[in-house]
Amino acid sequence: MVEKRKIFIISLIVVSVIIVILLPFLSDSDIRRDPSRAGEERIVVITLNGTVQEGQAGLFVGGISPRYVYKQLEHAAADDIIKGVVLRVESPGGSIAASQEIAYMIRDFEKPIVVSMADMAASGGYYIATYAQGIVAQPGTMTGSIGVISTFMDLEGLYEMLGIEVEIIKSGEHKDMFSRALTEEERVKMQGFSDEAYNQFIGDVAEGRGMTVEAVRELATGEIYLGSQAKDLGLVDRLGGIEEAIGYLAELNEFEHPVRYEFPPPSMFDQFFAFGYQVLATFEKALMSPELIKLKILREGVPPDIRYQVR
């Protein structure tokens, strides 16, 4: 019985490995069998959904990371049948640096990219779209929110209430500034940080959209625009959904036979990896009491970033 179980497990592993190896080749087998389809001008639709952030992000983990976008664009670049990319963006914003990295990635990509905005593509979600060849949004899409916000938590009162004493040993006058109330000098420094990031945001929007810095600055009040308003303001090129974005990309690049395409599902290895990542994250939370989870969030604070907000 034990031997049969071992044989079954080994067979399962071997089959899984074979599937992982062959899946990329099997995905386009229809074209290899049918040479007449080799003339297709594929427009691949890549979905980016969630907060813009560093680290593990993507289809199963959630969020939009430079690493995930790079892997998707690398896949599109390697396929000669793919002539262009439509990025379907649904995002409230996120990290400054991650948004910039993805924006520059799109700017330097060798194939044309059009962004199709979903329900929301605001702040960092708009940032990553700025260098696309074109931007398409629904009339009711929430976009814009060009601005920067930095949020800090002063936990001294909470610690005092809980009877927690914090002792800080530091080298550098401002090393602990994110874990206590800011001094006036530090507020000035952080305002300068925010203003510099804000100016970078404005400069990239101006360059990507072919607008003047002054024109973008007038729109960069942090407010949300509907897609219909954004089009009138020059922040969006067309109104519509994914099919309109595909048509717009084909029009801009004179594609005669554009065909919508999506990448095959991730390999079993990627699915197992993502599943394992989620299990570990869930297991970590399960080991912590609600009080410890809250304290962990409070202790880590909210790092400076670009984020969507309604005021």
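Computed from the coordinates by the stated procedures, all read-outs in this text should not be read as laboratory data. The structure displayed is predicted, hence computed values, not measured ones. Virtual Cβ from ideal backbone geometry, glycine too; neighbours counted across all protein chains shown.
In sequence order, what are the phi-derived ³J(HN,Hα) couplings for segment 130-137 according to the Karplus relation 6.51 cos²θ - 1.76 cosθ + 1.60 with θ = phi - 60°, rounded to whole Hz, with x for glycine and proline?
With coefficients 6.51, -1.76 and 1.60, one gets 4, 9, 5, 5, x, 10, 10, 9 Hz.
Roughly what % of Cα-Cα distances in segment 147-220 sit above 16 Å, to the whole percent?
On the way: 1717 of 2701 pairs.
Within segment 147-220, distances greater than 16 Å cover 64 percent of Cα pairs.
Using 0.36 nm per residue of separation minus the Cα-Cα distance, give me the extension gain between GLU184 and THR151 in nm, one decimal.
10.3 nm
Please list 3J(HN,Hα) in residue order for segment 226-240, calculated via the Karplus relation 6.51 cos²θ - 1.76 cosθ + 1.60 where θ = phi - 60°; whole Hz, with x for glycine and proline.
My calculation for segment 226-240 gives 6, x, 5, 5, 4, 5, 5, 8, x, 8, 9, 9, 9, 10, x Hz in order.
What residues qualify as long-range amide H neighbours of ILE64, i.e. H under 5 Å apart, gap of 5 or more or another chain, H built at 1.01 Å from N?
Hits under the 5 Å cutoff: THR51, VAL52, GLN53.
Using 7 Å Cα-to-Cβ label points, what is the SER171/TYR70 separation (nm, one decimal)?
Label-label distance for SER171 and TYR70, simple model: 3.1 nm.
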